[in-house]
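Structure first, then comments.
Please treat every number below as a calculation from the coordinates, not as lab data. Note that this is a predicted model, so its numbers are computed, not measured. With ideal geometry, Cβ positions are generated from the backbone for all residues, glycine too; neighbour counts draw on all protein chains shown.
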Amino acid sequence: MFDLVNVFEVFLPQLLLYPNPSDPLNGEAAALLMRDRPAYEQKVKEMCVL
């Protein structure tokens, strides 16, 4: 059985480290990831700045 600790410590980090562009929630981001990973990573950093 999975609890919230397991979800936050295992599943979410895996989803963030290894996104699945074949089944995207954000099609534009997935297309950029598949086309140009460095540009995708830069865009993610820009979007995460507070």
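With θ taken as phi - 60° and the Karplus curve 6.51 cos²θ - 1.76 cosθ + 1.60 applied, the whole-hertz 3J(HN,Hα) list for region 17-33 is 6, 10, x, 10, x, 6, 9, x, 8, 10, x, 5, 5, 5, 5, 5, 4 Hz, x standing for glycine and proline.
Here the residues Val49, Val5, Val44, ranked from fewest to most Cβ neighbours within 10 Å of their Cβ, fall in the order Val49, Val5, Val44. In the chain, a dipole from Cβ-located charges (positive for Lys and Arg, negative for Asp and Glu) runs towards its positive end, and of Pro38, Leu16, Leu4 it is Pro38 whose Cα lies farthest in that direction.
Per-residue Cβ neighbour counts within 10 Å put Met47, Met34 in the sequence Met47, Met34, beginning with the fewest. Using only Cα atoms, find the angle between the long axis of helix 37-48 and the longest principal axis of the chain, and express it within 0 to 90 degrees, rounded to the nearest 10. The two axes meet at around 70 degrees. For the chain, applying the loop criterion from DSSP together with a ceiling of 12 other beta carbons within 10 Å to the chymotrypsin sites (Phe, Trp or Tyr not before Pro) yields Phe2.
Show that you can apply the helix-only estimate: for the chain, add -39,500 (n - 2.57) for every DSSP H stretch of four or more residues, divide by all residues, and state [θ] at 222 nm to the nearest 500.
Rounded to the nearest 500, the figure is -15000 deg cm²/dmol.
On the principal axes of its alpha-carbon atoms, the chain has extents of 37, 28, 15 Å, going from largest to smallest.
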